[in-house]
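Participant: Here it is, the structure in full.
We did not get these values from a lab; they are worked out from the coordinates using the rules stated. Please read these numbers as outputs of a predicted model, since none were measured by experiment. When we count neighbours, we look across all protein chains shown, and the Cβ atoms used for this are built from the backbone with ideal geometry, even at glycine.
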């Protein structure tokens, strides 16, 4: 098995932490709002009139990222204005959920900086990360994962990468997810080609997701 390094908080993407606490804080705030104002209904006020502002926020976010100056403000603004540009209720809801998810991640980041949540002491990283850290003038504290823990570390890495994608919507995160999937497949003796063959078999038997079919599920108490 190829050497796998683990390193504590050395990679650019830190693992998400404290989600339960943040969601509890949000639930408490929502309860407080309901106690104060009751159930509220207003027009959405969103729509195509905000499309230009959404594009501007997206461009600003991309420019900041290319300069290495990306901030949570850029990311949240992009998601927020993308939501404002939607008038279809379903798409508006999806964009608002993404906006809320980014806001939650920002709060988690604030909590980590304040030392209010525990950041794992180590995590699985790509093989080249230690060398990148050394080139930056730091000396990473690394070890090689044992056979008995490698699978669980990969599964944790998969959750981390999926969380990064669902939180940001950045398509480049899909490449990270794919890299972890290939490593997991290798544990089962499967090559990337084998995995693709399995995908093709399932697609042939059951189809893919190109037609965007949504199955309405019966209520849990339905006979």
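Participant: With a Förster radius of 35 Å, plug the Cβ-Cβ distance of residue 196 and residue 49 into 1/(1 + (r/R0)^6) and report the FRET value to the nearest 0.05. Don't skip to the answer; put the middle values down first.
Facilitator: Values: r = 44 Å, r/R0 = 1.26.
Using R0 = 35 Å, I get an efficiency of 0.20.
Participant: Related question: Give the average over all directions of the projected area of the C-alpha convex hull of the range 18-118, one decimal, in nm².
Facilitator: Working: hull surface 31.7 nm².
Directional mean of the projected Cα hull area for the range 18-118 stands at 7.9 nm².
Participant: Further question on the same structure: Please give, to one decimal in nm, the separation of the simple spin-label points placed at residue 114 and residue 174, each 7 Å out from Cα toward the Cβ.
Facilitator: 3.7
Participant: Here is a follow-up. Counting each DSSP H run of 4 or more residues in the chain as -39500 (n - 2.57), what helix-only mean residue ellipticity at 222 nm follows after dividing by all residues, to the nearest 500 deg cm²/dmol?
Facilitator: Numbers: 8 runs with 133 residues, N = 223.
When only DSSP H runs of four or more count, the value is -20000 deg cm²/dmol.
Participant: Need one number: nm distance between label points at residue 214 and residue 181, each 7 Å from Cα along Cα→Cβ, rounded to one decimal.
Facilitator: 2.3
Participant: A follow-up question, please. Provide the FRET efficiency to the nearest 0.05 for the residue 33-residue 58 pair, computing r from the beta carbons and using R0 = 25 Å.
Facilitator: 0.25
Participant: A further question on this structure: Quick one: helix 147-168 against the long Cα principal axis of the chain, what's the angle to the nearest 10°, folded into 0 to 90?
Facilitator: 30
Participant: Using Cα pairs under 8 angstrom and six or more residues apart, how large is the relative contact order of the range 18-118, in percent?
Facilitator: On the way: 76 pairs, mean separation 32.9, N = 101.
Reported as a whole number, the value is 33 percent.
Participant: Okay, next question. Percent of alpha carbon pairs in the chain separated by more than 27 Å?
Facilitator: Values: 12712 of 24753 pairs.
Value for the chain: 51 percent of Cα pairs lie more than 27 Å apart.
Participant: Rounded to whole Å, give me the distance from the Cα center of the range 151-169 to that of the range 48-84.
Facilitator: Their Cα centres are 24 Å away from one another.
Participant: Give me 84, 184 ranked fewest to most by other Cβ atoms within 10 Å of their Cβ, as a rough exposure proxy. Let's see the in-between values first.
Facilitator: Details: 84 23, 184 17.
If I rank by nearby Cβ atoms, fewest first, I get 184, 84.
Participant: Moving on. With a cut-off of 8 Å between alpha carbons and a minimum separation of six or more residues, what is the relative contact order of the chain in percent?
Facilitator: 28
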